[in-house]
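Comments concern the structure below.
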Amino acid sequence: MANNRAEAERVHGVLQTLAARVAAERIYFRDPVRAQERFQAPIPTQRYAVSDRDRVVCGLVAKATQTHAAIGLLAKGNLAQDALALARVMMENVFSVSWILQEPEFRTDLFFLSSTLFRRHLAELVITHYTHRPDAVARAKKLLEDEHAVDLATRLAGSWDKWARRDEDGRLVPIGARGIFLDLGVKLADGTKQSFAYEVMYFAHSHQIHSTADSLDAIYRQELCTLSPPVARRQLLSPVVLPQIGMLPD
């Protein structure tokens, strides 16, 4: 664990240095490129799917760098629980990049184009919940009726909350966060995969994201009610300290 932490600190130190260098050298993005043929319509048309690969890579690295800086600010402000919530965000970012690097061009295109599914779901929500805004509803319907977008959404084979990956036969199948972590996990003797990162680290940080009862453990340790950040530092993966309701001492 100590070695992993040291390596993580080294990597993010490099990212911080890289951020300053990129800003100083004023590196321009290249133009978007035609996405791989797997994402194109079967019958050629004047419209085709493009992928902005440079911005995908830069965006993921920038997000990791900025989230790491935000974690540092929260930790210095004694806001450890909020820092832990962002730690899970950064963990997802790191594993997304690692997963993309297994098939760089294909999965970069897939990552970029997957926003089509999200935008289509958002359009459906606008139609359902913004009936008082006919102008917004009209734009949403236009997006949903776009034949090019419909074909692309079908080809992506995912959903608004999932990506996709190629199976052994080359077909695209949906994959969520757990699937990405397992793809990068350890293969067991029975052929299944196991992911310490997902099953332990991701789980341990999730309660901070979702405000579960365990996310209040720092409050449970205090004697006085305060709305300020707790003074006591919380240890990572500390034992769960919950009120023992129904199991009070005699």
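Details
- Whenever a residue of the range 176-192 is in contact (Cβ under 8 Å) with a residue 24 or more places away in the chain, its partners that are small (Gly, Ala, Ser), lying with C-beta atoms within less than 8 angstrom and at least six residues away or across chains, give the pairs 180/96; 181/195; 181/197; 184/98; 184/195; 184/197.
- The one condition in (1) assigned to a helix (DSSP H, G or I); (2) touching a residue at least 40 places away in the same chain (Cβ under 8 Å); (3) out of contact with any Leu (no Cβ under 7 Å at 6 or more places or on another chain); (4) of a type outside the set (Val, Ile, Thr) that residue 125 fails to fulfil: (2)
- Residue within the range 128-141 that is in a strand (DSSP E or B) and surrounded by 10 or more Cβ atoms within 10 Å (Cβ to Cβ) present: no
- The range 27-37: number of residues that are surrounded by 14 or more Cβ atoms within 10 Å (Cβ to Cβ) and either hydroxyl-bearing (Ser, Thr, Tyr) or at pLDDT below 85 (or both): 0
- Test result for residue 45, under 30 Å from residue 152 (Cβ atoms) and within 22 Å of the chain's Cα centre (by Cα): no
- Residue 87 passes every criterion in (1) at pLDDT 90 or above; (2) within 14 Å of the chain's Cα centre (by Cα); (3) of a type in the set (Gly, Ala, Ser); (4) under 30 Å from residue 227 (Cα atoms) apart from (1).
- Long-range neighbours under 6 Å by Cβ, at least six apart or interchain, first residue over 16 Å from residue 83 (Cα atoms) within the range 196-221, second of a type outside the set (Lys, Arg) and part of a helix (DSSP H, G or I): 197/181; 198/181
- Among (1) within 15 Å of residue 60 (Cβ to Cβ); (2) buried (at least 18 other Cβ atoms within 10 Å of the Cβ) - the single one residue 115 does not satisfy: (2)
- Meets criteria (part of a helix (DSSP H, G or I), over 29 Å from residue 88 (Cα atoms) and touching a residue at least 60 places away in the same chain (Cβ under 8 Å)) for residue 148: yes
- Of all residues in the range 41-70 being surrounded by 17 or more Cβ atoms within 10 Å (Cβ to Cβ) and in contact (Cβ under 8 Å) with a residue 60 or more places away in the chain, the one that is farthest from residue 173 (Cα to Cα): 52
- Of everything in the range 71-113 that is in contact (Cβ under 8 Å) with a residue 60 or more places away in the chain and in a loop (DSSP other than H, G, I, E, B), the residue that is nearest to residue 203 (Cα to Cα) is 79.
- Qualifying residue in the range 89-109 (condition: touching a Pro at 6+ places or on another chain (Cβ under 6 Å), surrounded by 15 or more Cβ atoms within 10 Å (Cβ to Cβ) and either more than 30 Å from residue 216 (Cα to Cα) or of a type in the set (A, V, I, L, M, F, W, C) (or both)): no
- Residue match in the range 12-21 (condition: modelled with pLDDT under 85, part of a loop (DSSP other than H, G, I, E, B) and of a type outside the set (D, E, K, R)): no
The values are calculated or read from the model by the stated rules, or taken from the named source; none is laboratory data. Here the structure is a predicted model, which means the values were calculated and not measured. FYI the Cβ positions are ideal-geometry reconstructions off the backbone, even for glycines, and counts take in every protein chain you see.
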